[in-house]
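Heads up: the structure comes next, in structure tokens.
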Amino acid sequence: MARKKQYNEEEVIKKAMGLFWRNGYESTTVRMLEKEMGINQFSIYSSFKNKQGVFLESVKYYKKQINTIKNKLKASNNGIVGIKQYFYDFIEFSSEGKLRKGCLVTNTVNEVKEEEEPEVIIELKKFANEIRDLFVSNLKQDDKKSNSLVQQQADYLMNAILGLSIASKVFTKEQLNNIIEVTFTNL
């Protein structure tokens, strides 16, 4: 008979996500996960197979958390104005009190090599493309824009949000607001 889990999986994944977000994928060890999640190594391997499995579940949880602002953008009928609001919402989402964490996805892309962690990179690219698709659908709300221009601007906005994610770890709120304002003057 299988043993019943003595922990809430969503709670332990939430803790693991925070650890990965603060320390990075590479720097986070199974021992650190044990301590942060409050479960032993056997439970980690039994439930998630390995560190990568914990991380992939953490990315799923991260996606659920960011869905609030993604859904707001998805429902927006304000075109570029809706995308700009997403940028502001993202800055709020990615900070925890005085701790500026950036974006879990962006942070991980900056440290993980595709050849070493292909499954992780696939999941991160999928997430980035979901955001890009939302940018495209909002940009298409302006029927004066050609499809080619929409695609170019979506790429530009993806570059801008990735840069903003990194900048959010070191710049002041005023500087981040300036970055957002200037980004949108070019559209």
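Descriptive notes on the structure:
- Partner aspartates and glutamates whose Cα lies under 18 Å from the Cα of Lys70, excluding those fewer than 8 positions away in the same chain, are identified as Asp89, Glu92, Glu123, Glu130, Asp133, Asp155.
- Ser165, Ser137, ranked by accessible area, largest first (probe 1.4 Å): Ser137, Ser165
- Under the criterion of Cα pairs below 8 Å and six or more residues apart, the relative contact order for the chain equals 22 percent.
- Fraction of accessible area attributable to carbon and sulfur, the chain (%, probe 1.4 Å): 50
- Only helical runs count toward this figure. For the chain, summing -39,500 (n - 2.57) over DSSP H runs of n ≥ 4 and dividing by all residues gives -23500 deg cm²/dmol at 222 nm.
- Extension gain, Gln65-Arg31: 0.36 nm per intervening residue step, less the Cα-Cα distance, totals 9.7 nm.
- Charge dipole (debye, nearest 20) of the chain; +1 at Cβ of Lys and Arg, -1 at Cβ of Asp and Glu: 520
- For segment 88-173, chymotrypsin sites (Phe, Trp or Tyr not before Pro) meeting the loop criterion (DSSP other than H, G, I, E, B) and having at most 16 other Cβ atoms within 10 Å: Phe171.
- Rolling a 1.4 Å probe over the protein heavy atoms gives the chain an accessible area of 57 Å² per residue.
- With a threshold of 29 Å on the Cα-Cα distance, the over-threshold entries among Lys35/Lys169; Lys74/Lys125; Lys144/Lys173 are Lys144/Lys173.
- Extension reserve of the Asn159-Lys144 stretch, reckoned as 0.36 nm per residue once the Cα distance is removed: 3.1 nm
The values are calculated or read from the model by the stated rules, or taken from the named source; none is laboratory data. This one's a predicted model, so the numbers in the text were calculated from it and none came from an experiment. Positions of Cβ are backbone-derived with ideal geometry, glycine not excepted, and every protein chain shown enters the neighbour counts. Accessible surface is based on the protein model in full, side chains and every heavy atom, while ligands, DNA and RNA are left aside. Shrake-Rupley method; radii C 1.70, N 1.55, O 1.52, S 1.80 Å.
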